[in-house]
Amino acid sequence: MILSIAWKNVWRNKWRSLIVIGAISLGLLGGIFYLAFTKGMAQQQINTAIHSYIANIQLHNPKYLINGESKYAIPSYRKIVDKIKELPEVQAVGARAVSQAMASSAVTGAGVMINGVDVEEEKEVSNIYSKIVDGGYFGTKMKNQAVIGKKLADKLNVRIHSKIVITVQTLSGDITYGAFRIAGIYKTDNSAFDVSNVFVEKKALADLIGMDYQNETTEIAVLLKHNNMTGEVLKKLKNIFAEKIKNGEIVIRPWNKIQPVLEMLNNMTIQFSFFFVMIILTALSFGIINTMLMAIMERTREIGMLMAIGMSRMRLFFMILIETVFLSVTGGAAGLFLSWLAITITGKTGIDLSAVAEGLNSLGYGSFVYPEIEPEFYFMIGGLVIVTALLASVYPARRALKMNPAEAVRHEA
Amino acid sequence: MEIIKTVNLQKTYAESAVPVRAVNDISVSFDAGEFTAIVGPSGCGKTTLLNLIGGLDNPTSGEVIIDGMNLYSLKPKEITDFRLKNIGFVFQAYNLIPVLSAKENVEFIMNLQGVPKKERDERVEKLLEQVGLKDQMNRRPGELSGGQQQRIAVARALAANPKFVLADEPTANLDSASTNNLLDIMLKLNETENTTFIFATHDSRVMKKARRLIELDDGKVIADKTN
Ligand SMILES: Nc1ncnc2c1ncn2[C@@H]1O[C@H](COP(=O)(O)OP(=O)(O)O)[C@@H](O)[C@H]1O
Ligand SMILES: [Mg+2]
């Protein structure tokens, strides 16, 4: 019966309660949607990175990771690639020759990573080919074709068919250089990547640095059918290649180890938005406290009467507490529902940020964001709303308990 | 049989500039089955006396003995429980919980007492019948007239099965017809069920029907007559 009174009390002052409920639901909508948006952006950034180049998992010679010298290659890599391809989760595998290099035009030079790729194979692993904004992804008749990022092209002041000179260290340690012609210019969502990555055919780079490209490779990139399979496949690969790992022949790393900053930044933004939700809840709690105080002050005589006829302080406390929880939870439920709705819809359609995409691209974000959130999160926020309500109820409930029944019943309404 | 006795009861409000002796050394006793009005001009201490008898306030000195037990020797929590089980209250206004129906209002007190549902239903029905509002039982207080609300309050007070009912100016907001109707109901309950009623009032319509009048002035009993 106390529960039913508490619930009905919520609706005594319909407008006031609706305003609080509205504030709670909009506050939550704002906080949760912001969180989902941030997470969507983070996920987008990770996805962009995975699909544009790093893939889910990479294999290297451990010494290469230390020195960055291409002489530390993975030997007999084809056998390794074949084994990896046997896993059902694997979408595609690419073997690349990679070297630090200097790319120079007539105007200027820039330090870059030069990636020697098997053109057809690489199309399966990374989506650079689909990001061509000028020219093509190789496939011209030219010898020594290069595909470079838009940002780098601007920096070097080169266009399609322009010549650039790539200076690299050979496997034996000598400095050598080769001339390449620009076959295509790409533009990903990550301009930091674009300015520092040049793609050439694997054979061309191998010839330049003296690598046995039929048997050796610097990097094996493994793209999976789904990002969430990364951990599982990583485990499998580490099992399969346990011997080679032990012998120091290869090292296997997932994307978040290859680019830890990516994950760190994402975790940070998510933590920040969580903090943001907490601030919103705190702000809302003041609204809840205020509303409940008003409700209690208005009902002084009624509360006096309840105490007079024998309602214990504990029951009275409980009644006000429950009323606060009902009020807050109604707003919380509405807020969670609205958030769910907004996130589900925009999660499908995506949010077009192309208007501000230029700035975002330099941070490695795509121009379409798909807000997303783990379902557990709704429960967590729901729990937080209840906790907030409980805390917010304490002060008004105590105020009610402080009333003296004799005085409360005399109180002028 | 004596059920209530006050011994040198005193209540002084000290907060005001000049301390007010609202109840000034009152020793009076009440028997079961009384139909008594405490009367006197506004400010003479009627409400204060009634509140002290009802365990709603703390006396400055003196005692309230109910059924041989010193009420204010109990802890506050125990006094609340005592009120719940032994005293029925009717106030001038705001007696009822506005969000509950008439029936639920009467039932509420039994709910607090932990009376089982079936028994509650039976009692509610009987009480509403006695106050003549069985047909209005699903209405909320806001949908009832002032007189009807007070009759529900009487039913609610009796639902607790109290030793006595304290009513502070129950008719102050009622017209003559409603007042007479309410008084007749209470008189009838007094006669048939032997329910003890103690009123604080300055309403002559109540005084006329009361069997005993205790007249206060300045916190003191100046007359105590039985009609
Ligand atoms: N809480 C209080 N503080 C100070 N004075 C009070 C308080 N309550 C009542 N009084 C004073 O006590 C006296 C008796 O009041 P009350 O018992 O309400 O009289 P009545 O019910 O007969 O009108 C009055 O003078 C009133 O002003
Ligand atoms: Mg009074």
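The values are calculated or read from the model by the stated rules, or taken from the named source; none is laboratory data. These figures come from a predicted structure and were not determined experimentally. Because the Cβ atoms are built from the backbone with ideal geometry, glycine has one as well, and the counts that use them run over all protein chains shown. The area values use the complete protein model at the heavy-atom level, side chains included, leaving out ligands, DNA and RNA. Shrake-Rupley method; radii C 1.70, N 1.55, O 1.52, S 1.80 Å.
Listing for the model above:
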read-out: Scope the stretch B:163-177; condition open to solvent by 30 Å² or more (accessible area, probe 1.4 Å) and of a type in the set (Ser, Thr, Tyr); matching residues; value: B:Ser176
read-out: Flag for B:Leu127 being in a helix (DSSP H, G or I), away from every other protein chain (no Cβ under 14 Å) and of a type in the set (A, V, I, L, M); value: yes
read-out: Any hit, the stretch B:84-92, residues being within 12 Å of ligand 1 (Cβ to nearest atom), open to solvent by 10 Å² or more (accessible area, probe 1.4 Å) and farther than 18 Å from B:Arg212 by Cβ; value: yes
read-out: Residue check for A:Met319: within 14 Å of chain B (Cβ to nearest Cβ), modelled with pLDDT of 95 or more and either part of a helix (DSSP H, G or I) or within 24 Å of the chain's Cα centre (by Cα) (or both); value: yes
read-out: Index of the failed condition, A:Arg253 passing every other in (1) open to solvent by less than 40 Å² (accessible area, probe 1.4 Å); (2) at pLDDT 90 or above; value: (1)
read-out: Test: residue in the stretch A:60-67 that is of a type outside the set (Val, Ile, Thr), within 24 Å of A:Phe180 (Cα to Cα) and surrounded by 15 or more Cβ atoms within 10 Å (Cβ to Cβ); value: no
read-out: Selection count where residues are surrounded by 18 or more Cβ atoms within 10 Å (Cβ to Cβ), within 14 Å of another protein chain (Cβ to nearest Cβ) and touching a residue at least 40 places away in the same chain (Cβ under 8 Å), scope the stretch B:99-124; value: 8
read-out: Selection within the stretch A:287-316 - closer than 30 Å to B:Val154 by Cβ, more than 9 Å from chain B (Cβ to nearest Cβ) and surrounded by fewer than 17 Cβ atoms within 10 Å (Cβ to Cβ); value: A:Met297, A:Glu298
read-out: Flag for B:Ala223 being open to solvent by less than 40 Å² (accessible area, probe 1.4 Å), under 21 Å from B:Gly33 (Cα atoms) and without any contact (Cβ under 8 Å) to a residue 12 or more places away in the chain; value: yes
read-out: Test: residue in the stretch B:1-9 that is within 9 Å of ligand 1 (Cβ to nearest atom), in a strand (DSSP E or B) and away from every other protein chain (no Cβ under 14 Å); value: no
read-out: Any hit, the stretch A:270-286, residues being away from chain B (no Cβ under 14 Å), hydroxyl-bearing (Ser, Thr, Tyr) and closer than 30 Å to A:Ile46 by Cα; value: yes
read-out: Close pairs (6 angstrom Cβ cut-off, 6 or more residues apart or separate chains): on the phi > 0 side of the Ramachandran plot in the stretch B:30-43, more than 9 Å from ligand 1 (Cβ to nearest atom) and open to solvent by 40 Å² or more (accessible area, probe 1.4 Å) anywhere; value: B:Gly33/B:Asn194; B:Gly40/B:Glu215; B:Gly40/B:Asp217
read-out: Every residue from the stretch A:123-181 that is among the β-branched types (Val, Ile, Thr) and exposed (fewer than 14 other Cβ atoms within 10 Å of the Cβ); value: A:Val133, A:Ile175, A:Thr176
read-out: Every residue from the stretch B:189-213 that is charged (D, E, K, R) and within 16 Å of ligand 1 (Cβ to nearest atom); value: B:Asp203
read-out: Residue among A:Glu232, A:Glu219 that is acidic (Asp, Glu) and under 19 Å from A:Leu65 (Cα atoms); value: A:Glu219
read-out: Test result for B:Val64, at pLDDT 95 or above, more than 17 Å from A:Val409 (Cα to Cα) and within 8 Å of ligand 1 (Cβ to nearest atom); value: no
read-out: Set B:Asp57, B:Asp31: member being among the acidic types (Asp, Glu), within 16 Å of the chain's Cα centre (by Cα) and under 21 Å from B:Thr80 (Cα atoms); value: B:Asp57
read-out: Top-ranked residue in the stretch A:387-413 [being more than 10 Å from A:Gly304 (Cα to Cα) and within 16 Å of ligand 2 (Cβ to nearest atom); ranked as least open to solvent (accessible area, probe 1.4 Å)]; value: A:Ala413
read-out: Matching residues, the stretch A:232-264, being β-branched (Val, Ile, Thr) and in a helix (DSSP H, G or I); value: A:Val233, A:Ile240, A:Ile245, A:Ile258, A:Val261
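Rundown of residues vs (1) part of a helix (DSSP H, G or I); (2) within 16 Å of ligand 2 (Cβ to nearest atom); (3) within 14 Å of chain A (Cβ to nearest Cβ); (4) open to solvent by less than 30 Å² (accessible area, probe 1.4 Å), yes/no style:
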{"site": "B:Asn161", "(1), (2), (3), (4)": "no, no, yes, no"}
{"site": "B:Thr179", "(1), (2), (3), (4)": "yes, no, no, yes"}
{"site": "B:Leu183", "(1), (2), (3), (4)": "yes, no, no, yes"}
{"site": "B:Glu215", "(1), (2), (3), (4)": "no, yes, no, no"}
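Here's the yes/no breakdown for (1) farther than 30 Å from A:Val233 by Cβ; (2) among the polar types (S, T, N, Q); (3) more than 14 Å from chain B (Cβ to nearest Cβ):
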site: A:Lys8; (1), (2), (3): yes, no, no
site: A:Gly22; (1), (2), (3): yes, no, yes
site: A:Ser25; (1), (2), (3): yes, yes, yes
site: A:Gly30; (1), (2), (3): yes, no, yes
site: A:Ala36; (1), (2), (3): no, no, yes
site: A:Ala42; (1), (2), (3): no, no, yes
site: A:Gln45; (1), (2), (3): no, yes, yes
site: A:Ile50; (1), (2), (3): no, no, yes
